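Each remark here refers to the structure printed beneath this line.
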Amino acid sequence: MALIVLVLVSILRLSQRSIGLDEGMLLTNLFHAGGLQDLFGPMPFYDQAQPVLASAFHQAMLFVTEDVWALRVMSAMAVGLSSVLSIRVLRAERAPWLAITLAAGAFLGPLAYYATEIKHYALELVQAFFLVYTFHLFYQRRITLQAFAVIAAISAFLGFSTLIPTVLSIAFCVALQLRTSGTSAAMVQWPGLAVSAVLLALNYLSLKYLTREQLEVPAYASDGLLADLGVLAVALGSAHGGVISVIALVIALVSILARRGSRFAVRLGLLFIAFCVAILLGKMTGVYPVISARHVIWTTPFALTLVGLFLATELQARGKTPLVLVVGGLCSIAAFWETGRIMIDDGAVEFADNEALYRHLASLPPQEIGLYPYAVPSLDYYARHISGLERHTYIGRRVYPSGTRFDQAEFDGLAEGLEGIEGSRRLYVVSHLPSSVDPPDAGTRRVNRLEDALRARGCAWSEEFAGRRVSLLMVYCRPEPSR
(Lines give C-alpha, C1' and ligand atoms only; values in the text may rest on other atoms or scores of the structure.)
Protein backbone atom coordinates (compact mmCIF):
# COMPACT_ATOMS: atom_id res chain seq x y z
CA MET A 1 0.00 0.00 0.00
CA ALA A 2 2.82 2.40 0.88
CA LEU A 3 4.48 1.69 -2.47
CA ILE A 4 1.26 2.43 -4.38
CA VAL A 5 0.88 5.76 -2.55
CA LEU A 6 4.49 6.76 -3.27
CA VAL A 7 4.11 5.85 -6.96
CA LEU A 8 0.82 7.70 -7.41
CA VAL A 9 2.08 10.81 -5.61
CA SER A 10 5.25 10.92 -7.73
CA ILE A 11 3.51 10.26 -11.06
CA LEU A 12 0.69 12.74 -10.53
CA ARG A 13 3.09 15.47 -9.42
CA LEU A 14 5.65 14.92 -12.20
CA SER A 15 2.90 14.79 -14.81
CA GLN A 16 2.13 18.46 -14.08
CA ARG A 17 5.39 19.75 -15.51
CA SER A 18 5.48 21.80 -18.70
CA ILE A 19 6.53 20.57 -22.12
CA GLY A 20 10.31 20.71 -22.33
CA LEU A 21 12.61 21.54 -25.24
CA ASP A 22 13.21 17.99 -26.51
CA GLU A 23 9.57 17.06 -25.98
CA GLY A 24 8.44 20.13 -27.92
CA MET A 25 10.79 19.28 -30.79
CA LEU A 26 9.53 15.69 -30.84
CA LEU A 27 5.88 16.77 -30.82
CA THR A 28 6.55 19.19 -33.67
CA ASN A 29 7.72 16.23 -35.75
CA LEU A 30 4.76 14.08 -34.73
CA PHE A 31 2.24 16.84 -35.48
CA HIS A 32 3.73 17.18 -38.98
CA ALA A 33 3.60 13.44 -39.70
CA GLY A 34 1.07 12.77 -42.44
CA GLY A 35 0.58 9.12 -41.55
CA LEU A 36 2.25 5.99 -40.25
CA GLN A 37 4.48 5.86 -43.32
CA ASP A 38 6.21 9.06 -42.13
CA LEU A 39 7.32 7.34 -38.92
CA PHE A 40 9.63 4.96 -40.78
CA GLY A 41 12.13 7.61 -41.83
CA PRO A 42 14.32 10.16 -40.05
CA MET A 43 12.37 12.96 -38.43
CA PRO A 44 12.31 16.08 -40.63
CA PHE A 45 12.82 18.75 -37.97
CA TYR A 46 15.39 19.50 -35.29
CA ASP A 47 17.92 17.01 -33.93
CA GLN A 48 15.28 14.43 -33.07
CA ALA A 49 15.10 10.69 -33.63
CA GLN A 50 12.90 7.92 -32.30
CA PRO A 51 12.37 4.21 -32.95
CA VAL A 52 9.36 3.55 -35.17
CA LEU A 53 7.43 1.74 -32.42
CA ALA A 54 8.01 4.61 -29.98
CA SER A 55 6.73 7.14 -32.52
CA ALA A 56 3.70 4.93 -33.21
CA PHE A 57 3.06 4.73 -29.45
CA HIS A 58 3.16 8.51 -29.12
CA GLN A 59 0.99 9.00 -32.19
CA ALA A 60 -1.59 6.66 -30.66
CA MET A 61 -1.57 8.74 -27.48
CA LEU A 62 -1.94 11.96 -29.50
CA PHE A 63 -4.92 10.43 -31.28
CA VAL A 64 -6.59 10.17 -27.87
CA THR A 65 -5.51 13.56 -26.50
CA GLU A 66 -2.88 16.29 -26.84
CA ASP A 67 -3.14 17.32 -23.19
CA VAL A 68 0.35 17.13 -21.69
CA TRP A 69 -0.84 15.86 -18.30
CA ALA A 70 -2.80 13.01 -19.90
CA LEU A 71 0.11 12.14 -22.21
CA ARG A 72 2.47 11.85 -19.26
CA VAL A 73 0.03 9.74 -17.25
CA MET A 74 -0.51 7.34 -20.18
CA SER A 75 3.24 6.97 -20.64
CA ALA A 76 3.67 6.31 -16.92
CA MET A 77 0.89 3.70 -17.04
CA ALA A 78 2.83 1.74 -19.67
CA VAL A 79 5.95 1.76 -17.48
CA GLY A 80 3.93 0.99 -14.36
CA LEU A 81 2.31 -2.05 -15.95
CA SER A 82 5.67 -3.35 -17.15
CA SER A 83 7.19 -2.89 -13.68
CA VAL A 84 4.78 -5.57 -12.45
CA LEU A 85 7.00 -8.02 -14.34
CA SER A 86 9.95 -7.27 -12.05
CA ILE A 87 7.65 -7.59 -9.05
CA ARG A 88 6.63 -11.03 -10.31
CA VAL A 89 10.29 -12.00 -10.55
CA LEU A 90 10.92 -10.85 -7.00
CA ARG A 91 7.86 -12.68 -5.71
CA ALA A 92 8.97 -15.81 -7.56
CA GLU A 93 12.29 -15.48 -5.74
CA ARG A 94 10.30 -15.33 -2.46
CA ALA A 95 10.88 -11.64 -1.84
CA PRO A 96 8.56 -10.27 0.87
CA TRP A 97 6.59 -7.13 0.11
CA LEU A 98 8.84 -5.17 2.44
CA ALA A 99 11.85 -5.92 0.22
CA ILE A 100 9.93 -4.99 -2.92
CA THR A 101 8.66 -1.74 -1.41
CA LEU A 102 12.12 -0.69 -0.21
CA ALA A 103 13.80 -1.53 -3.53
CA ALA A 104 11.16 0.18 -5.66
CA GLY A 105 11.09 3.22 -3.40
CA ALA A 106 14.85 3.67 -3.66
CA PHE A 107 14.70 4.12 -7.45
CA LEU A 108 11.25 5.69 -7.71
CA GLY A 109 12.45 9.25 -8.41
CA PRO A 110 14.27 8.67 -11.73
CA LEU A 111 11.84 5.95 -12.81
CA ALA A 112 8.85 8.25 -12.31
CA TYR A 113 10.58 11.16 -14.04
CA TYR A 114 11.45 9.28 -17.22
CA ALA A 115 8.21 7.30 -17.17
CA THR A 116 6.37 10.63 -17.47
CA GLU A 117 8.64 12.08 -20.14
CA ILE A 118 7.17 12.18 -23.63
CA LYS A 119 10.17 10.50 -25.22
CA HIS A 120 11.20 6.96 -26.10
CA TYR A 121 13.10 6.53 -22.82
CA ALA A 122 9.85 5.44 -21.15
CA LEU A 123 9.60 2.54 -23.60
CA GLU A 124 13.21 1.61 -22.93
CA LEU A 125 12.16 1.20 -19.31
CA VAL A 126 9.28 -1.01 -20.46
CA GLN A 127 11.69 -3.19 -22.41
CA ALA A 128 14.12 -3.42 -19.48
CA PHE A 129 11.40 -4.65 -17.11
CA PHE A 130 10.32 -7.14 -19.78
CA LEU A 131 13.92 -8.33 -20.23
CA VAL A 132 14.31 -8.94 -16.48
CA TYR A 133 11.16 -11.07 -16.56
CA THR A 134 12.04 -13.12 -19.64
CA PHE A 135 15.60 -13.64 -18.39
CA HIS A 136 14.11 -15.09 -15.23
CA LEU A 137 11.79 -17.32 -17.27
CA PHE A 138 14.78 -18.67 -19.17
CA TYR A 139 16.73 -19.22 -15.97
CA GLN A 140 13.81 -21.21 -14.57
CA ARG A 141 13.74 -23.19 -17.86
CA ARG A 142 10.17 -22.13 -18.51
CA ILE A 143 11.16 -20.92 -21.98
CA THR A 144 13.91 -22.18 -24.26
CA LEU A 145 17.02 -20.28 -25.25
CA GLN A 146 15.75 -19.67 -28.77
CA ALA A 147 12.38 -18.45 -27.49
CA PHE A 148 14.13 -16.02 -25.16
CA ALA A 149 16.42 -14.80 -27.93
CA VAL A 150 13.57 -14.12 -30.39
CA ILE A 151 11.30 -12.48 -27.79
CA ALA A 152 14.13 -10.29 -26.52
CA ALA A 153 15.16 -9.29 -30.05
CA ILE A 154 11.59 -8.27 -30.91
CA SER A 155 11.24 -6.21 -27.74
CA ALA A 156 14.47 -4.37 -28.58
CA PHE A 157 12.61 -2.45 -31.32
CA LEU A 158 11.02 -0.36 -28.54
CA GLY A 159 14.15 1.74 -28.10
CA PHE A 160 17.65 2.58 -29.26
CA SER A 161 19.68 1.70 -26.16
CA THR A 162 17.71 -1.55 -25.92
CA LEU A 163 20.19 -3.17 -28.28
CA ILE A 164 22.87 -3.25 -25.57
CA PRO A 165 20.98 -5.17 -22.85
CA THR A 166 19.34 -7.41 -25.45
CA VAL A 167 22.56 -8.49 -27.16
CA LEU A 168 24.38 -9.00 -23.86
CA SER A 169 21.44 -10.89 -22.32
CA ILE A 170 21.23 -13.26 -25.28
CA ALA A 171 25.00 -13.82 -25.24
CA PHE A 172 24.88 -14.43 -21.47
CA CYS A 173 22.08 -16.98 -21.87
CA VAL A 174 24.00 -18.75 -24.63
CA ALA A 175 26.98 -19.01 -22.25
CA LEU A 176 24.72 -20.38 -19.50
CA GLN A 177 23.25 -22.94 -21.88
CA LEU A 178 26.71 -24.06 -22.99
CA ARG A 179 27.87 -24.37 -19.41
CA THR A 180 24.87 -26.28 -18.07
CA SER A 181 23.80 -28.37 -21.07
CA GLY A 182 26.81 -28.62 -23.32
CA THR A 183 27.42 -27.74 -26.95
CA SER A 184 25.01 -30.25 -28.46
CA ALA A 185 22.03 -28.93 -26.49
CA ALA A 186 22.94 -25.36 -27.35
CA MET A 187 23.25 -26.17 -31.05
CA VAL A 188 19.64 -27.34 -31.12
CA GLN A 189 18.67 -23.73 -30.41
CA TRP A 190 20.36 -22.31 -33.50
CA PRO A 191 17.18 -21.56 -35.54
CA GLY A 192 15.87 -19.14 -32.90
CA LEU A 193 19.32 -17.65 -32.39
CA ALA A 194 19.64 -17.10 -36.14
CA VAL A 195 16.26 -15.37 -36.26
CA SER A 196 17.21 -13.16 -33.31
CA ALA A 197 20.51 -12.26 -34.98
CA VAL A 198 18.64 -11.16 -38.12
CA LEU A 199 16.18 -9.10 -36.04
CA LEU A 200 19.00 -7.44 -34.12
CA ALA A 201 20.84 -6.65 -37.36
CA LEU A 202 17.69 -5.08 -38.81
CA ASN A 203 17.23 -3.12 -35.59
CA TYR A 204 20.80 -1.84 -35.78
CA LEU A 205 20.40 -0.79 -39.43
CA SER A 206 17.14 0.95 -38.55
CA LEU A 207 18.89 2.77 -35.69
CA LYS A 208 21.70 3.92 -37.97
CA TYR A 209 19.19 5.15 -40.54
CA LEU A 210 16.93 6.97 -38.09
CA THR A 211 19.83 8.61 -36.20
CA ARG A 212 22.14 9.38 -39.10
CA GLU A 213 22.24 13.07 -38.14
CA GLN A 214 22.23 12.81 -34.34
CA LEU A 215 25.24 10.55 -33.82
CA GLU A 216 27.61 13.19 -35.21
CA VAL A 217 26.97 15.59 -32.30
CA PRO A 218 30.40 16.56 -30.80
CA ALA A 219 29.09 16.25 -27.21
CA TYR A 220 28.75 12.49 -27.72
CA ALA A 221 32.43 11.99 -28.52
CA SER A 222 34.86 10.37 -26.08
CA ASP A 223 37.12 12.64 -24.03
CA GLY A 224 39.42 9.90 -22.74
CA LEU A 225 39.10 7.18 -20.12
CA LEU A 226 39.01 9.33 -16.99
CA ALA A 227 36.59 11.85 -18.47
CA ASP A 228 34.34 9.09 -19.79
CA LEU A 229 34.35 7.38 -16.39
CA GLY A 230 33.28 10.65 -14.82
CA VAL A 231 30.45 11.13 -17.35
CA LEU A 232 29.31 7.55 -16.85
CA ALA A 233 29.42 7.84 -13.06
CA VAL A 234 27.29 10.98 -13.11
CA ALA A 235 24.85 9.50 -15.63
CA LEU A 236 24.41 6.22 -13.75
CA GLY A 237 24.22 8.03 -10.42
CA SER A 238 21.42 10.26 -11.69
CA ALA A 239 19.62 7.36 -13.35
CA HIS A 240 19.69 5.43 -10.06
CA GLY A 241 18.44 8.27 -7.88
CA GLY A 242 21.63 9.73 -6.44
CA VAL A 243 24.35 8.80 -3.98
CA ILE A 244 22.13 7.10 -1.39
CA SER A 245 20.54 4.70 -3.85
CA VAL A 246 23.86 4.00 -5.55
CA ILE A 247 25.50 3.06 -2.23
CA ALA A 248 22.61 0.66 -1.54
CA LEU A 249 23.02 -0.83 -5.02
CA VAL A 250 26.79 -1.28 -4.67
CA ILE A 251 26.45 -2.98 -1.27
CA ALA A 252 23.74 -5.25 -2.65
CA LEU A 253 25.74 -6.09 -5.77
CA VAL A 254 28.97 -6.87 -3.89
CA SER A 255 27.10 -8.99 -1.38
CA ILE A 256 25.28 -10.92 -4.10
CA LEU A 257 28.49 -11.64 -5.99
CA ALA A 258 30.09 -12.76 -2.74
CA ARG A 259 27.57 -15.64 -2.92
CA ARG A 260 25.17 -14.23 -0.37
CA GLY A 261 22.47 -14.09 -3.03
CA SER A 262 20.48 -16.69 -4.91
CA ARG A 263 21.95 -18.25 -8.04
CA PHE A 264 19.62 -16.13 -10.16
CA ALA A 265 20.70 -12.98 -8.31
CA VAL A 266 24.37 -13.80 -8.94
CA ARG A 267 23.74 -14.19 -12.65
CA LEU A 268 21.69 -11.01 -12.85
CA GLY A 269 24.49 -9.21 -10.98
CA LEU A 270 27.10 -10.43 -13.47
CA LEU A 271 24.85 -9.33 -16.32
CA PHE A 272 24.48 -5.87 -14.75
CA ILE A 273 28.27 -5.52 -14.51
CA ALA A 274 28.52 -6.53 -18.18
CA PHE A 275 26.07 -3.72 -19.00
CA CYS A 276 28.23 -1.15 -17.20
CA VAL A 277 31.41 -2.33 -18.94
CA ALA A 278 29.68 -2.27 -22.34
CA ILE A 279 28.39 1.26 -21.74
CA LEU A 280 31.90 2.47 -20.87
CA LEU A 281 33.47 0.77 -23.88
CA GLY A 282 30.71 2.11 -26.11
CA LYS A 283 31.29 5.63 -24.83
CA MET A 284 35.06 5.39 -25.30
CA THR A 285 34.77 4.07 -28.86
CA GLY A 286 32.02 6.48 -29.86
CA VAL A 287 29.61 3.61 -30.53
CA TYR A 288 27.26 4.45 -27.67
CA PRO A 289 26.67 8.15 -26.90
CA VAL A 290 26.24 8.71 -23.16
CA ILE A 291 26.07 12.21 -21.71
CA SER A 292 23.20 12.06 -19.22
CA ALA A 293 20.91 9.82 -17.16
CA ARG A 294 18.38 9.43 -19.97
CA HIS A 295 20.87 7.37 -21.98
CA VAL A 296 21.29 4.80 -19.20
CA ILE A 297 17.91 4.93 -17.45
CA TRP A 298 17.24 1.45 -18.88
CA THR A 299 19.70 0.03 -16.32
CA THR A 300 17.49 1.11 -13.42
CA PRO A 301 14.97 -1.79 -13.59
CA PHE A 302 17.90 -4.20 -13.31
CA ALA A 303 19.29 -2.25 -10.34
CA LEU A 304 15.90 -2.26 -8.65
CA THR A 305 15.58 -6.03 -9.08
CA LEU A 306 19.10 -6.62 -7.73
CA VAL A 307 18.45 -4.60 -4.57
CA GLY A 308 15.14 -6.40 -4.13
CA LEU A 309 16.83 -9.80 -4.48
CA PHE A 310 19.50 -8.86 -1.94
CA LEU A 311 16.92 -7.68 0.59
CA ALA A 312 14.87 -10.82 -0.02
CA THR A 313 17.84 -13.07 0.72
CA GLU A 314 18.88 -11.15 3.81
CA LEU A 315 15.38 -10.90 5.27
CA GLN A 316 14.89 -14.64 4.89
CA ALA A 317 18.31 -15.59 6.29
CA ARG A 318 18.45 -16.96 9.81
CA GLY A 319 21.71 -15.23 10.61
CA LYS A 320 20.85 -11.74 9.41
CA THR A 321 23.77 -9.38 8.86
CA PRO A 322 23.89 -5.64 9.63
CA LEU A 323 23.94 -5.12 5.85
CA VAL A 324 20.20 -5.65 5.59
CA LEU A 325 19.66 -2.82 8.05
CA VAL A 326 22.11 -0.60 6.18
CA VAL A 327 20.63 -1.24 2.72
CA GLY A 328 17.06 -1.17 4.00
CA GLY A 329 17.73 2.10 5.77
CA LEU A 330 19.36 3.63 2.71
CA CYS A 331 16.42 2.58 0.53
CA SER A 332 13.97 4.11 3.00
CA ILE A 333 15.90 7.39 3.11
CA ALA A 334 16.15 7.48 -0.70
CA ALA A 335 12.43 6.77 -1.13
CA PHE A 336 11.21 9.46 1.25
CA TRP A 337 13.87 11.93 0.16
CA GLU A 338 12.93 11.60 -3.51
CA THR A 339 9.18 11.61 -2.90
CA GLY A 340 9.48 14.54 -0.50
CA ARG A 341 11.61 16.47 -2.98
CA ILE A 342 9.07 15.87 -5.73
CA MET A 343 6.25 17.05 -3.48
CA ILE A 344 7.96 20.13 -2.03
CA ASP A 345 10.64 21.30 -4.47
CA ASP A 346 9.31 22.71 -7.73
CA GLY A 347 12.81 22.38 -9.12
CA ALA A 348 12.53 18.61 -8.93
CA VAL A 349 9.42 18.78 -11.12
CA GLU A 350 9.53 21.83 -13.37
CA PHE A 351 12.68 22.15 -15.46
CA ALA A 352 11.33 25.07 -17.50
CA ASP A 353 8.00 26.65 -16.55
CA ASN A 354 6.89 27.12 -20.14
CA GLU A 355 3.16 26.82 -19.48
CA ALA A 356 3.14 29.69 -16.98
CA LEU A 357 5.21 31.78 -19.40
CA TYR A 358 2.83 31.26 -22.32
CA ARG A 359 -0.29 31.80 -20.23
CA HIS A 360 1.16 35.15 -19.22
CA LEU A 361 2.00 35.91 -22.84
CA ALA A 362 -1.56 35.06 -23.93
CA SER A 363 -2.95 37.67 -21.52
CA LEU A 364 -1.03 40.53 -23.21
CA PRO A 365 -2.39 42.72 -26.04
CA PRO A 366 -1.30 41.82 -29.61
CA GLN A 367 2.23 42.93 -30.43
CA GLU A 368 5.52 41.93 -32.02
CA ILE A 369 7.44 39.50 -29.83
CA GLY A 370 10.95 38.18 -30.39
CA LEU A 371 11.80 34.54 -29.68
CA TYR A 372 14.92 32.95 -28.31
CA PRO A 373 15.30 29.80 -30.47
CA TYR A 374 14.84 27.39 -27.55
CA ALA A 375 11.38 28.87 -26.99
CA VAL A 376 10.03 27.95 -30.42
CA PRO A 377 9.25 24.20 -29.94
CA SER A 378 7.31 24.70 -26.71
CA LEU A 379 5.50 27.74 -28.16
CA ASP A 380 4.39 25.65 -31.13
CA TYR A 381 2.85 23.14 -28.73
CA TYR A 382 1.15 25.62 -26.39
CA ALA A 383 -0.17 27.73 -29.29
CA ARG A 384 -2.41 24.75 -30.08
CA HIS A 385 -3.92 24.78 -26.59
CA ILE A 386 -3.77 28.31 -25.13
CA SER A 387 -6.04 30.80 -26.84
CA GLY A 388 -4.54 34.22 -27.36
CA LEU A 389 -1.01 33.15 -28.22
CA GLU A 390 -1.50 33.29 -31.97
CA ARG A 391 -2.69 36.91 -31.95
CA HIS A 392 0.91 38.03 -31.47
CA THR A 393 3.39 38.43 -34.30
CA TYR A 394 6.49 36.38 -33.49
CA ILE A 395 9.92 37.35 -34.77
CA GLY A 396 12.29 34.40 -35.13
CA ARG A 397 9.65 31.68 -35.16
CA ARG A 398 10.77 28.97 -37.50
CA VAL A 399 11.30 25.23 -37.43
CA TYR A 400 14.81 24.06 -38.24
CA PRO A 401 15.27 21.11 -40.59
CA SER A 402 16.88 17.92 -39.34
CA GLY A 403 20.64 18.05 -39.57
CA THR A 404 20.84 21.63 -38.29
CA ARG A 405 23.06 21.61 -35.24
CA PHE A 406 21.17 23.28 -32.48
CA ASP A 407 24.15 25.44 -31.49
CA GLN A 408 24.05 26.81 -35.02
CA ALA A 409 20.28 27.16 -34.84
CA GLU A 410 20.70 29.09 -31.60
CA PHE A 411 23.21 31.43 -33.21
CA ASP A 412 21.00 32.02 -36.27
CA GLY A 413 17.86 32.26 -34.18
CA LEU A 414 19.33 34.94 -31.95
CA ALA A 415 19.83 37.14 -34.98
CA GLU A 416 16.34 36.40 -36.33
CA GLY A 417 14.58 37.05 -33.03
CA LEU A 418 16.25 40.45 -32.78
CA GLU A 419 15.81 41.39 -36.42
CA GLY A 420 14.60 44.96 -36.91
CA ILE A 421 14.76 45.77 -33.20
CA GLU A 422 17.08 48.77 -33.56
CA GLY A 423 15.44 52.00 -32.40
CA SER A 424 12.49 50.26 -30.81
CA ARG A 425 11.36 48.18 -27.86
CA ARG A 426 10.14 44.61 -28.01
CA LEU A 427 9.20 41.78 -25.71
CA TYR A 428 11.57 38.85 -26.04
CA VAL A 429 10.67 35.31 -24.92
CA VAL A 430 13.45 33.25 -23.33
CA SER A 431 13.07 29.57 -22.50
CA HIS A 432 15.50 26.99 -21.06
CA LEU A 433 17.88 29.64 -19.75
CA PRO A 434 18.26 30.67 -16.11
CA SER A 435 16.14 33.65 -15.08
CA SER A 436 16.39 35.88 -12.03
CA VAL A 437 14.62 33.24 -9.90
CA ASP A 438 17.21 30.56 -10.77
CA PRO A 439 20.71 30.08 -9.45
CA PRO A 440 23.40 30.33 -12.16
CA ASP A 441 24.07 26.94 -13.73
CA ALA A 442 25.32 25.31 -16.92
CA GLY A 443 23.09 27.63 -18.96
CA THR A 444 25.31 30.60 -18.12
CA ARG A 445 27.22 30.28 -21.39
CA ARG A 446 24.01 30.69 -23.36
CA VAL A 447 22.89 33.56 -21.15
CA ASN A 448 26.17 35.30 -21.94
CA ARG A 449 25.67 34.65 -25.65
CA LEU A 450 22.19 36.20 -25.53
CA GLU A 451 23.41 39.20 -23.53
CA ASP A 452 26.33 39.72 -25.93
CA ALA A 453 23.92 39.69 -28.89
CA LEU A 454 21.74 42.31 -27.19
CA ARG A 455 24.67 44.54 -26.28
CA ALA A 456 26.01 44.33 -29.82
CA ARG A 457 22.77 45.96 -30.98
CA GLY A 458 22.98 48.66 -28.32
CA CYS A 459 20.13 47.18 -26.31
CA ALA A 460 19.19 47.33 -22.65
CA TRP A 461 16.63 45.04 -21.09
CA SER A 462 14.52 44.38 -18.04
CA GLU A 463 12.69 41.27 -16.90
CA GLU A 464 8.91 41.53 -17.23
CA PHE A 465 8.18 37.93 -16.17
CA ALA A 466 10.40 35.30 -14.57
CA GLY A 467 9.83 31.63 -13.88
CA ARG A 468 11.99 28.58 -13.53
CA ARG A 469 14.36 28.73 -16.51
CA VAL A 470 11.98 31.01 -18.45
CA SER A 471 11.65 34.78 -18.71
CA LEU A 472 10.02 37.53 -20.71
CA LEU A 473 12.35 40.43 -21.38
CA MET A 474 11.46 43.96 -22.40
CA VAL A 475 14.27 44.97 -24.73
CA TYR A 476 15.04 48.61 -25.54
CA CYS A 477 17.45 49.27 -28.42
CA ARG A 478 18.98 52.50 -29.69
CA PRO A 479 18.60 53.30 -33.37
CA GLU A 480 21.34 52.48 -35.81
CA PRO A 481 23.72 55.42 -36.32
CA SER A 482 22.97 57.43 -39.43
CA ARG A 483 25.47 57.20 -42.24
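The values are calculated or read from the model by the stated rules, or taken from the named source; none is laboratory data. Keep in mind that this is a model prediction, so the values were computed, not measured. FYI the Cβ positions are ideal-geometry reconstructions off the backbone, even for glycines, and counts take in every protein chain you see. Note: areas computed on protein heavy atoms with side chains; ligands, DNA, RNA excluded. Shrake-Rupley method; radii C 1.70, N 1.55, O 1.52, S 1.80 Å.
Structure summary
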| item | result |
| --- | --- |
| Length gained when the stretch residue 227-residue 474 is fully extended (0.36 nm per residue, less Cα-Cα span) | 84.8 nm |
| The range 256-383 - accessible surface per residue (Å², probe 1.4 Å) | 38 |
| Residue 198 accessible area, 1.4 Å probe, all protein chains in place, Å² to nearest 10 | 90 |
| Cys with no candidate disulfide partner in the chain (beta-carbon separation under 4.7 Å rule) | 173, 276, 331 |
| Nonlocal amide H pairs with residue 464, under 5 Å, H built at 1.01 Å | 472, 473, 474 |
| Solvent accessible area, Å² - residue 246, 1.4 Å probe, full protein context | 40 |
| Computed Kirkwood radius, in angstrom, where 1/r is averaged over Cα pairs of the range 51-92 | 11.5 |
| Helix 406-417 vs. the chain, principal-axis angle (Cα, 0 to 90°, nearest 10) | 20 |
| Mean ellipticity per residue at 222 nm, deg cm²/dmol - from DSSP H runs of n ≥ 4 across the chain, formula -39500 (n - 2.57) | -19500 deg cm²/dmol |
| Whether the range 263-346 is rounded, prolate or oblate, judged on the alpha carbon gyration tensor where a/c under 1.5 counts as rounded | oblate |
| Inter-site label distance for residue 178 and residue 198 at 7 Å from Cα along Cβ, in nm | 2.4 |
| Local electrostatic count, residue 330, Cβ distance below 14 Å [Lys/Arg +1, Asp/Glu -1] | -2 |
| Candidate residues 353, 38: accessible-area rank, largest first, probe 1.4 Å | 38, 353 |
| The range 117-188 - percent of accessible surface contributed by carbon and sulfur, probe 1.4 Å | 67 |
| Under Karplus coefficients 6.51, -1.76 and 1.60, residue-wise ³J(HN,Hα) of the range 375-386 in Hz, glycine/proline x | 7, 5, x, 5, 4, 4, 6, 5, 5, 7, 10, 10 |
| Cα shape, the chain, gyration tensor, a/c 1.5 rule | prolate |
| Heavy atoms of residue 461 accessible to a 1.4 Å probe, total area in Å² rounded to 10 | 80 |
| Ranked order, 204, 381, 139 - accessible area, probe 1.4 Å, largest first | 204, 139, 381 |
| For the chain, share of DSSP beta bridges that run antiparallel, in % to the nearest 5 | 75 |
| Average silhouette area of the range 309-388, convex hull of alpha-carbon atoms, in square nanometres | 8.8 |
| Nonlocal amide H pairs with residue 402, under 5 Å, H built at 1.01 Å | 45, 46 |
| Carbon/sulfur fraction of accessible area - the range 19-58, other protein chains in place, 1.4 Å, % | 65 |
| Cα gyration tensor shape for the range 27-115, rounded if a/c is under 1.5, else prolate or oblate | prolate |
